[in-house]
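Below you'll find the structure, written out as structure tokens, and then a few comments.
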Amino acid sequence: MRYSLRQLEVFLACAHHENVSRAAASLNMSQSAASTALKELEQQFELRLFERTGKRLRLNELGRQLWPRAEELLERARELEQSLAVHGDLGRLKIGATLTIGNYLAAGIMARYMAEQPGARVELDVANTASIAERVLSFELDLGLIEGELNHPDLEMMPWRDDELVVFCAPDHPLAAGHRALNDSDLCGATWILREPGSGTRQTFERALSGLLPQLHILLELQHTEAIKRAVEAGLGISCLSRVSLTDALRRGSLVELPVPQRDFRREFYFALHRQKYRSSGIERWLELCRQAV
């Protein structure tokens, strides 16, 4: 074999970091050793994988074609190593989840996964839909659990479970009186506290209120659902979040659901995977546990 797995590790680290010194640091090796490994890989096959501008490395077309294949080969090698070491341990997973899923659903699935495989490691990164998708595309995450709708040629979007958004307010808010259904005039006259642009929740909200958006009074845009709920409880306005995130508050009565029958707030949660990502036994088991949790 004319190449080593270490050379592929260096190549992938350089692809992620676009810089040899940062790639070397991520692999706990010296910059000179990383540079030598990358140089030897290219020289052995008489090719170039990067365009070099100063200290920055950018994958060329050949490098972009090699990237997912090298990721798959290394993932298979790690899986084999883990199997030899711990007799079939599913190993480490890097999962990305949007805020609603990460805060209210992913912990239970993670607990089941790790209970099945003592010693298994799961890294859970919580961010908005756009950020998770970007990291899946760059192979930084094994898969994403997202609440937004995406269309990218390199992403495979697999439906997971149904969800819906709920418009809500504090119990003493004027719109809560009588629990009547809101009309479009009510929606335009309200003060809103919303998730930030780029989030799946905001995407669904804007689709549901199509035609009214320019008329809405948006007071705050916040990244965290708990902060939004606290602001609504304080009487700063009304909001719209996933029913998953509101179950306890609605049951306690600290927040009140506002029916909006003329608007469709239904949506789906999805698995987001890179089409060329190797699906290890760990990834397959995680997907299975997610489906069982519905």
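Tabulated data for the structure shown
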quantity	calculated
Residue within the range 236-246 that is part of a helix (DSSP H, G or I), in contact with a helix residue (DSSP H, G or I) (Cβ under 6 Å, 6 or more places away or on another chain), closer than 23 Å to PHE205 by Cα and not hydroxyl-bearing (Ser, Thr, Tyr) present	yes
Among the candidates PHE50, PHE11, residue that is in contact (Cβ under 8 Å) with a residue 40 or more places away in the chain and within 30 Å of the chain's Cα centre (by Cα)	PHE11
The range 234-247, residues that are surrounded by 15 or more Cβ atoms within 10 Å (Cβ to Cβ) and not hydrophobic (A, V, I, L, M, F, W, C)	GLY237, SER239, SER242, ARG243, SER245
Single condition GLU221 does not satisfy, out of (1) acidic (Asp, Glu); (2) modelled with pLDDT under 95; (3) farther than 22 Å from GLY178 by Cα	(2)
Tally of residues being surrounded by fewer than 18 Cβ atoms within 10 Å (Cβ to Cβ) and not in a helix (DSSP H, G or I) across the range 252-262	6
Which numbered condition ILE101 fails, given (1) outside the structural domain of GLU9 (by TED's automatic domain parsing); (2) modelled with pLDDT under 90; (3) under 16 Å from TRP286 (Cα atoms)	(2)
First in the range 103-127 and on the phi > 0 side of the Ramachandran plot, second anywhere and surrounded by fewer than 15 Cβ atoms within 10 Å (Cβ to Cβ), Cβ under 7 Å, 6 or more apart	GLY119/VAL86
Single residue of the range 1-46 satisfying the filter (touching a strand residue (DSSP E or B) at 6+ places or on another chain (Cβ under 7 Å) and of a type outside the set (A, V, I, L, M, F, W, C)) that is farthest from LEU73 (Cα to Cα)	ASN19
Hey, PRO197 in contact with a Gly (Cβ under 7 Å, 6 or more places away or on another chain) and not assigned by TED's automatic domain parsing to the domain that holds ALA97 or not	no
Candidates HIS179, HIS152 - the one that is without any contact (Cβ under 8 Å) to a residue 24 or more places away in the chain and loosely packed, with under 15 Cβ neighbours inside 10 Å	HIS152
Residue count, the range 191-225 (criterion: within 15 Å of VAL167 (Cα to Cα) and either charged (D, E, K, R) or buried (at least 18 other Cβ atoms within 10 Å of the Cβ) (or both))	14
Tally of residues being charged (D, E, K, R), surrounded by fewer than 17 Cβ atoms within 10 Å (Cβ to Cβ) and in a loop (DSSP other than H, G, I, E, B) across the range 267-294	2
Qualifying residue in the range 33-51 (condition: outside the structural domain of SER280 (by TED's automatic domain parsing) and under 28 Å from GLN117 (Cα atoms))	no
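Here's the yes/no breakdown for (1) within 30 Å of the chain's Cα centre (by Cα); (2) not in a helix (DSSP H, G or I):
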site	(1), (2)
ARG2	no, yes
HIS16	yes, no
MET29	yes, yes
ALA37	no, no
LEU66	yes, no
GLU75	yes, no
ILE101	yes, no
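The values are calculated or read from the model by the stated rules, or taken from the named source; none is laboratory data. Given the structure is predicted, the values throughout are model-derived calculations rather than measurements. Ideal geometry is used to build each Cβ from the backbone, glycine not excepted, and the neighbour counts take in all protein chains shown.
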